[in-house]
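What follows is a single structure, written as structure tokens, with notes after it.
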Amino acid sequence: MFAAKRILTTLVLTHLATCSPVIEERTLTPSPVCLQIAAAISSASDVYYFGHPLYTKGVYHWASSSSQNPLCVVEPGAASDIGTILGIVGSTQTPFAVKGGGHASNPGFSSTTGVHISMYRFSAINYDAAAQTVEIGSGLIWDDVYAALAPYNVNVVGGRVTGVGVAGFTLGGGYSWKSNQYGLTIDTVTAYELVKPDGTVVTVTDALDPGLFSALKGGLNNFGIVTKFTLKTFPQTQVWGGLITITEAFIPDVAAATAAFQANVNDPKAAIITTYNFLLGEPGISQLLFYDGPTPPAGIFDDFLAIPYFTKDVSTRSFLSLVQASPSNATAGTRAIFNTVSVLDYTPALLDVILNETTFWGINLSLKTGVFISYDVEPFLPSIYSHNAETTAFPPVRTLGLLPFNIYFAWLDPSFDTDFQNAARATAATVFNAAVAEGQSNLIGAPVYPNYAIFDTPLSQIYGSNLATLQSLKATIDPTNVMGLAGGFKF
Ligand SMILES: Cc1cc2nc3c(=O)[nH]c(=O)nc-3n(C[C@H](O)[C@H](O)[C@H](O)COP(=O)(O)OP(=O)(O)OC[C@H]3O[C@@H](n4cnc5c(N)ncnc54)[C@H](O)[C@@H]3O)c2cc1C
Ligand SMILES: *[C@@H]1O[C@H](CO)[C@@H](O)[C@H](O)[C@H]1NC(C)=O
Ligand SMILES: *[C@@H]1O[C@H](CO)[C@@H](O)[C@H](O)[C@H]1NC(C)=O
Ligand SMILES: *[C@@H]1O[C@H](CO)[C@@H](O)[C@H](O)[C@H]1NC(C)=O
């Protein structure tokens, strides 16, 4: 997103300082439900009220439109306390939220005006070299996990850019730099520690509870609150790659290189994200390159490296360094919405449509305090879904090599939320129709990725033929619908 990162940050900060909505006055009298929780939890946990720094940290989200002011923030430090809290919010019918890394792009998915549970204290990382697995707390971000595993020269299949939470990412699917080799993050989970809606703390594995184990693989927060994930680990050497930014004049070269990469590169260690941006009045490209080894084989990335660039930060480096080279923190704190389309192929014609959408909506929405319009082209190998023979909630079909395409709009003024959400729906429809029109007709009815889908996406479009099974399991595990008091895609 160009070196305009600093300009953008200044612009955003100036705006927030002058125009951010006045935070409603909160009574200093703690609400009864928060007092009830405070009295019932152990000394491992705490409750914070408006004005406390840990309240502010607790409600923080990458997208400001995903934050709300709750009655209180609860930081549980023990799984049994989460059971107690679920009992109280259930019996009082209090809306609540569960937040991991706070990167939800949909409003209300991990925020509430009721009781806000922040998972920060679940931050342990225990690597088991013999089992080649690692237990990771659900309050962590991927950066922490990569840093902790680096000394052992192993890694997990996790997030591609800095700051993203382990919990929401892993409960929704998880497209990683290592997915061409090992599948989605859910394909590498061997166990969950779960606080069920009835408050009991259970370990969920394929052997102990295969139905629930499958359902948690894409089933988001429908079945309770996860405190710990056990993930397979894989060898990790130094990697190669980073970020190149490219100006408008060379977009045709990037499109050609991206289409050729998608069509010709079969090395599962190689991956890219080509991001079409509209920033400060013109389209441009943020190009992320990745190779899972210190040096890529000759040829794979030559087309990209030959394009004249604006900035370039590509090298042999640690996995964490590569993840932190991403520009995703530059727009943190603005309002945001994601939407998505699944495609089968990023053809030159489809990339032309995406460029046109970038420019069209970039100009159209800049009038409404739009600061950043972007489209992430994320090619994977058609074999990406072949790494797991189990049934998983998402994707409901593993026979089509569906590629997630991420639409991300950022803006400043809350009064334009609906305009941006409508634009994100309209542009998704345009890209989908263009893909179908050029012959990708298998996309009709194909599932879309829950962690990118806009909030009112029909559940059948995400879970397909799995939906009925998920709904009946949910009714068994949560008969009084406690988890329905929390936001998100609800079975
Ligand atoms: C900058 C950025 C980059 C991204 N990159 C990728 C990417 O490379 N690949 C990819 O697949 N996705 C990516 N995503 C999407 C990402 O997977 C989702 O935003 C995901 O929800 C983030 O998880 P979180 O824990 O940070 O979010 P949160 O906002 O904390 O939570 C998201 C959802 O999970 C629920 N939840 C959180 N913790 C728990 C818990 N312990 N138990 C039960 N439910 C819980 C919440 O209630 C909420 O519904 C990206 C998103 C952003 C903003
Ligand atoms: C991005 O922001 C997160 C906080 O959400 C922080 O933990 C992370 O270190 C930041 N990354 C970089 C590269 O600054
Ligand atoms: C560009 O996109 C806009 C909005 O989707 C559409 O109306 C227009 O026809 C497109 N132009 C071309 C040349 O495809
Ligand atoms: C923005 O796009 C919408 C939807 O196509 C259209 O109704 C509106 O007139 C456009 N506004 C501008 C200023 O182009």
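The values are calculated or read from the model by the stated rules, or taken from the named source; none is laboratory data. Everything quoted here is computed from the prediction, not taken from an experiment. All Cβ positions, glycine included, derive from the backbone under ideal geometry; neighbour counts span all protein chains shown.
For the subset of segment 350-373 comprising residues that are within 16 Å of ligand 3 (Cβ to nearest atom) and polar (S, T, N, Q), which member is modelled with the lowest pLDDT? Once the filter is applied, the top-ranked residue is SER366. A single entry from VAL189, VAL154 fulfils the requirement of being in contact with a Lys or Arg (Cβ under 9 Å, 6 or more places away or on another chain) and more than 12 Å from ligand 1 (Cβ to nearest atom): VAL189.
Only a single criterion out of (1) at positive phi; (2) assigned to a loop (DSSP other than H, G, I, E, B); (3) surrounded by 14 or more Cβ atoms within 10 Å (Cβ to Cβ) is not satisfied by PRO395, namely (1). Counting the residues of segment 73-109 that are polar (S, T, N, Q) and more than 19 Å from ASP46 (Cα to Cα) gives 5.
Of the numbered criteria (1) within 30 Å of ASP376 (Cα to Cα); (2) assigned to a helix (DSSP H, G or I); (3) at pLDDT 50 or above, the one THR56 fails is (1). The number of residues in segment 424-455 that are of a type in the set (A, V, I, L, M) and closer than 17 Å to TRP361 by Cβ comes to 7.
The single residue among GLY114, GLY102, GLY139 that is free of Cβ contacts under 8 Å to residues at least 40 places away in the same chain, within 14 Å of ligand 1 (Cβ to nearest atom) and within 27 Å of ARG335 (Cα to Cα) turns out to be GLY139. Do we find a residue being within 16 Å of ligand 2 (Cβ to nearest atom) and assigned to a loop (DSSP other than H, G, I, E, B) anywhere in segment 333-343? Yes, the conditions are met somewhere in segment 333-343.
The single residue among PHE420, PHE360 that is more than 28 Å from ILE300 (Cα to Cα), part of a helix (DSSP H, G or I) and within 16 Å of ligand 1 (Cβ to nearest atom) turns out to be PHE420.
Within segment 274-292, being in a loop (DSSP other than H, G, I, E, B) and under 30 Å from LEU367 (Cβ atoms) holds for LEU280, GLY281. Is it the case that GLY241 is under 30 Å from GLN471 (Cβ atoms) and out of contact with any Asp or Glu (no Cβ under 6 Å at 6 or more places or on another chain)? Answer is no for this residue.
In segment 195-233, of all residues being basic (Lys, Arg) and over 23 Å from THR480 (Cβ atoms), the one that is nearest to the chain's Cα centre (by Cα) corresponds to LYS217. Taken as a whole, the structure places THR295 among residues that are assigned to a loop (DSSP other than H, G, I, E, B), modelled with pLDDT of 95 or more and more than 16 Å from ligand 3 (Cβ to nearest atom).
In the set (1) more than 30 Å from GLY370 (Cβ to Cβ); (2) touching a strand residue (DSSP E or B) at 6+ places or on another chain (Cβ under 6 Å), ALA63 fails one condition alone, (1). Considering only residues in segment 443-463 that are assigned to a helix (DSSP H, G or I) and in contact with a Phe, Trp or Tyr (Cβ under 9 Å, 6 or more places away or on another chain), the one that is modelled with the lowest pLDDT turns out to be LEU443. Looking at the structure I just gave you, is SER342 crowded, with 21+ Cβ neighbours inside 10 Å, farther than 19 Å from PRO252 by Cβ and among the small types (Gly, Ala, Ser)? Answer is yes for this residue. If you go through segment 443-463 and keep only what is in contact with a helix residue (DSSP H, G or I) (Cβ under 9 Å, 6 or more places away or on another chain), on the phi < 0 side of the Ramachandran plot and of a type outside the set (Ser, Thr, Tyr), you end up with LEU443, ILE444, ALA446, PRO447, VAL448, PRO450, ASN451, ALA453, ILE454, PHE455, ASP456, LEU459. Please go through segment 428-442 and pick out each residue that is out of contact with any strand residue (DSSP E or B) (no Cβ under 6 Å at 6 or more places or on another chain) and either buried (at least 19 other Cβ atoms within 10 Å of the Cβ) or not in a loop (DSSP other than H, G, I, E, B) (or both). The answer is ALA429, THR430, ASN433, ALA434, VAL436, ALA437, SER441, ASN442. Looking for whichever is touching a His at 6+ places or on another chain (Cβ under 7 Å), crowded, with 24+ Cβ neighbours inside 10 Å and either aromatic (Phe, Trp, Tyr) or under 26 Å from LEU402 (Cβ atoms) (or both) here; the options are GLY158, GLY168, GLY241, GLY174. Which one fits? After ruling out the rest, the residue left standing is GLY168.
Could you say whether any residue in segment 189-197 is under 26 Å from PHE405 (Cβ atoms) and modelled with pLDDT of 95 or more?
The answer is yes; a qualifying residue exists.
The rows are residues; the columns are (1) over 30 Å from ALA131 (Cβ atoms); (2) free of Cβ contacts under 8 Å to residues at least 60 places away in the same chain; (3) assigned to a strand (DSSP E or B).
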{"position": "GLY219", "(1), (2), (3)": "no, no, no"}
{"position": "ASN222", "(1), (2), (3)": "no, no, no"}
{"position": "LEU231", "(1), (2), (3)": "no, no, yes"}
{"position": "THR245", "(1), (2), (3)": "yes, no, yes"}
{"position": "ASP253", "(1), (2), (3)": "yes, yes, no"}
{"position": "ALA259", "(1), (2), (3)": "yes, no, no"}
{"position": "ILE272", "(1), (2), (3)": "yes, no, yes"}
